[in-house]
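Input: a single structure, listed below in structure tokens.
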Amino acid sequence: MAIQATEQGWVLETHATGYALGLNQAGMLVHRYWGARLPSLSDYPEAADSLGWASFNGPGQVLREEYPGHGGVKYIDPCLKVTFADGVRDVVLRFAGAEVHKHELALHLRDEHYPLTLTLHYRVHPEHDLIERWVAATNHGAEPITIERIWSAQWHLPPGENYRMTHVTGRWLDEMHLRRETLLHGVKILESRRLTTSQQHNPWFALDSGSATEDHGEVWFGVLAWSGNWKLSAEVTDFLSTRVSMGINDWDFAWRLQAGETFTTPASLAGYTAAGFGAASRRLHDHIRAAVVPHPQQLRKVLYNSWEATGFEVNEQSQTALAEHAAAIGVELFVVDDGWFHGRNSDQAGLGDWWSDRRKFPNGLAPLARRVNELGMDFGLWVEPEMVNADSELYRAHPDWVIHFPTRARTEARNQLILNLARADVQEYLITKIDRLLSEHPIAFIKWDMNRNASEPGWPTAEGEQRELWVRYVQGLFHVWGTLQARHPQVVWQSCSGGGGRADLHILRLADQIWPSDNTEAAARLAIQEGFSQIFPASTMEAWVTDALEQQRSLAFRFHVSMCGSLGIGAHLGRWSPAQRKEAARWIKLYKAVRPIIQFGDLYRLRSAQAHPFSALQYVSKDQAEAVLFVFRTHLPDPITLPPLRLRGLDPAAQYTVDGCSGPRSGLAWMQAGLQIDLSDFESTLRRIRRVPHH
Ligand code: DGJ
């Protein structure tokens, strides 16, 4: 059984990990253990009692409370902070019962004086070695309670170590750079205050004791599944107790929990592995593919996107011409990006008016969609539903629908303002307009974009606390998108926010794909994709071949980079020579042959593109019968001897062939002795690896 109650408390086990918590003598719910699964339940340590009490050494510094509320003499970064109606701001939670179901545990806590209860929820995912946690707070009284912070989980690491934290940072056009830093005494905060997950940081962490590598060593890792403002607090106490808390950002946040109401947090998922950062990524990849995305078993199609080719110059002729080229080289899904809707000739007008521009499409989108289908491709469309241009029919009719403070100027970014998706009328408008688009056209794919972050976060007509906006907006977004998804379950959605601004396990419940960056230059993309791959599987990673730096990057190099994810084309195919289109057709054909391995297999990062100009990654099918190796060289001054590449993930006893290498050789030989690949600057190679069948 995955969850067991014992006299010591509860033990949550996955295939390879164990997590234990329990009540100590003082009745406090404390963390007991998180790491490798132990042989028997009695092996898990007991709930510790509070030691080291002194007026300046509170129990919060030593004890590992599972979900600390603000109060008493703890002084640590708590998970819960509330103000009761009488002004009291101290929470005293007492254990009030537990419910165990096969994979789920609910622990009930009750404030000893006020009518506030809290349920700590746990769900184990045994096959992915992950534990999911979230919290629900209920007001059983007659007066409101103001929640000022309510995080999803606090994850405790074995105490006494100086841990190193790995996370990603970036900016627009340059997302997902890996950072590694030692956590010292104090609190390290990562967060988003932008309304979206953000390009700057991502709610993901990996902690190790400083010596873990891609393939070896203990790593504790986790994510928050939330597409709005979030916060990660990594704290090392005076007594070297390390904990990582994650949840909705409490910055500019407050929530009036009215009588009888419940507030439920998003989930945080975390795991442990003894096999390095690569294994941590593979756990998340497996989980996302199996349990998060809407269409788990579907291969992602090779798509074409018009943005970098035609920009706002979108019309029936330009798109038909592109579609004909795309179909001829093997594209399966043709997506018309920005520029197709009413009044949209530049980024200065049109957002909000979600019907086709009659000047560009005199007979609407139907003839183009039909032509695309006749060419054997699915038809897809770009939308940016959350936004409005001041120059639009929608804004002229409803200037009060945007997020704003009445006494402040409305800051525009990319000439646009943000609709207040917390409002029911805004939600209804968007559902109606996009539902009509989806109902009237054979649309198989929607790219949902979001091209700015929040400013002047006001909601003048809110009935209660305006600072609820940050959360109610995200709930509204999920209501709109979720309604559309339920009405049109066959549609595949892509999450885009000027690139990777909304990449997280929350949005992946709606979207099967993510656009990781607006930067499509292949060498830069290698690094961005590597950061992205720490968290997300290749099936979710849309990657276009474009004309960025086309003179310096061969078509092969550009294709190889994009083939590491869900392949797309974003170049102007009409400007490609017949020879280039022929070459593209060959790469697309090859991609289709290997994509089950890339999209559904295990990823091994052999050499980091962020750390080395000579990098490699390998995808291995789950049955270890086939693999694909990608090797890249960017700029390295010659003369240089490139190191051998040691493959990973093969069956050591089986025999394998590698394209272009002598063999066959044993999996062990390829993994231990490796293989030599020599490349020049900005050259790359793709090698198929096949297991030799037994006779
Ligand atoms: C930002 C996206 O990331 C691009 O791919 C493109 O869709 C533009 N927006 C269109 O405005």
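Shown in residue order for segment 607-624 are the 3J(HN,Hα) couplings computed by the Karplus curve 6.51 cos²θ - 1.76 cosθ + 1.60 at θ = phi - 60°: 9, 6, 6, 6, 9, 9, x, 10, 10, 7, 9, 9, 10, 10, 5, 4, 8, 6 Hz (x for Gly and Pro).
Express in nm, to one decimal, how much length is gained between residue 26 and residue 346 on full extension, taking 0.36 nm for each residue of separation and deducting their alpha carbon distance.
108.7 nm
Here r is the Cβ-Cβ distance between residue 486 and residue 55 and R0 is 41 Å; the resulting FRET efficiency, rounded to 0.05, is 0.10. For the peptides 128-139, 551-562, residues were scored by their other Cβ atoms within 10 Å and the scores averaged per peptide; the highest-first order is 128-139, 551-562.
When the chain is described by a simple charge dipole with +1 on each Lys and Arg Cβ and -1 on each Asp and Glu Cβ, the residue from 319, 445, 576 located farthest towards its positive end is 576.
Modelled spin-label separation between residue 90 and residue 678, with each label point placed 7 Å from Cα along the Cα-to-Cβ direction: 7.5 nm. For segment 572-695, the normalised intensity computed at q = 0.19 Å⁻¹ comes to -1.09 (log10 of I(q)/I(0), Debye sum over alpha carbons, equal scatterers, no solvent).
Using a simple spin-label model with pseudo-atoms 7 Å out from Cα toward Cβ, residue 440 and residue 211 lie 6.6 nm apart. Here is how the number arises for the chain: DSSP H runs of 4 or more residues each give -39500 (n - 2.57), the sum is divided by the residue count, and the result at 222 nm is -6000 deg cm²/dmol.
Nonpolar atom fraction for the chain, defined as the carbon and sulfur part of the 1.4 Å probe accessible area, stands at 50 percent.
By the compact-protein rule of thumb, 2.2 N^0.38 Å, the alpha-carbon radius of gyration of the chain corresponds to a ratio of 1.00.
Return one whole number: the accessible area per residue of segment 1-141 in Å², for a 1.4 Å probe. Using a 1.4 Å probe on heavy atoms only, each residue of segment 1-141 averages 44 Å². Excluding ligands, DNA and RNA, the accessible surface per residue across segment 200-257 is 23 Å² with a 1.4 Å probe. Protection proxy ranking of 504-512, 435-443, by the mean of other Cβ atoms within 10 Å over each peptide's residues and highest first, is 504-512, 435-443. 3J(HN,Hα) couplings calculated from phi for segment 673-681 with the Karplus curve 6.51 cos²θ - 1.76 cosθ + 1.60 (θ = phi - 60°) are, in sequence order, 7, x, 9, 9, 10, 10, 9, 8, 4 Hz; Gly and Pro show x. Ranked by solvent-accessible area (1.4 Å probe, protein heavy atoms only, all chains present), the residues 307, 382 order from largest to smallest as 307, 382.
The residue among 600, 35, 62 whose Cα reaches farthest toward the positive pole of the charge dipole of the chain, with charges on the beta-carbon of Lys, Arg, Asp and Glu, is 600. When DSSP beta bridges are restricted to pairs lying wholly in the chain, around 80% turn out antiparallel.
Here r is the Cβ-Cβ distance between residue 41 and residue 661 and R0 is 51 Å; the resulting FRET efficiency, rounded to 0.05, is 0.55. The phi torsions of segment 175-188, fed into the Karplus equation with coefficients 6.51, -1.76 and 1.60 and a -60° offset, translate into couplings of 8, 6, 8, 6, 10, 10, 8, 6, 8, 10, 3, x, 10, 10 Hz, rounded to whole numbers, with Gly and Pro shown as x. Charging the Cβ of each Asp and Glu at -1 and of each Lys and Arg at +1, and nothing else, the dipole of the chain about its Cα centre rounds to 1520 debye. Among the lysines of segment 303-595, pairs that are 8 or more positions apart or on different chains and have alpha carbons within less than 21 Å of each other number 4. Proximity of backbone amide H atoms, modeled 1.01 Å from N, is registered between residue 514 and 495, 541, 542 at under 5 Å, excluding neighbours fewer than 5 places apart on the same chain.
Here the calculated FRET efficiency for residue 185 and residue 556, from their Cβ-Cβ distance with R0 = 51 Å, stands at 0.50, rounded to the nearest 0.05. Placing +1 on each Lys and Arg Cβ and -1 on each Asp and Glu Cβ, with no other charges, gives segment 606-691 a dipole about its Cα centre of roughly 300 debye.
Too long at a 26 Å Cα-Cα cut-off: which of 74/231; 81/188; 102/231? Long pairs (Cα-Cα over 26 Å): 102/231.
Per the Debye calculation on segment 303-595 with a single equal scatterer at every Cα and no solvent contribution, log₁₀ I(q)/I(0) for q = 0.09, 0.13 Å⁻¹ amounts to -0.44, -0.91. In the full protein context, segment 606-691 carries 44 Å² of accessible surface per residue, based on a 1.4 Å probe and ignoring ligands, DNA and RNA.
The values are calculated or read from the model by the stated rules, or taken from the named source; none is laboratory data. Keep in mind that what you see is a predicted model, and the values were worked out from it rather than measured. No Cβ is skipped: glycine too gets one built from the backbone with ideal geometry, and neighbour counts run over all protein chains shown. Side chains included, ligands, DNA and RNA excluded: accessible areas come from the protein's heavy atoms. Shrake-Rupley method; radii C 1.70, N 1.55, O 1.52, S 1.80 Å.
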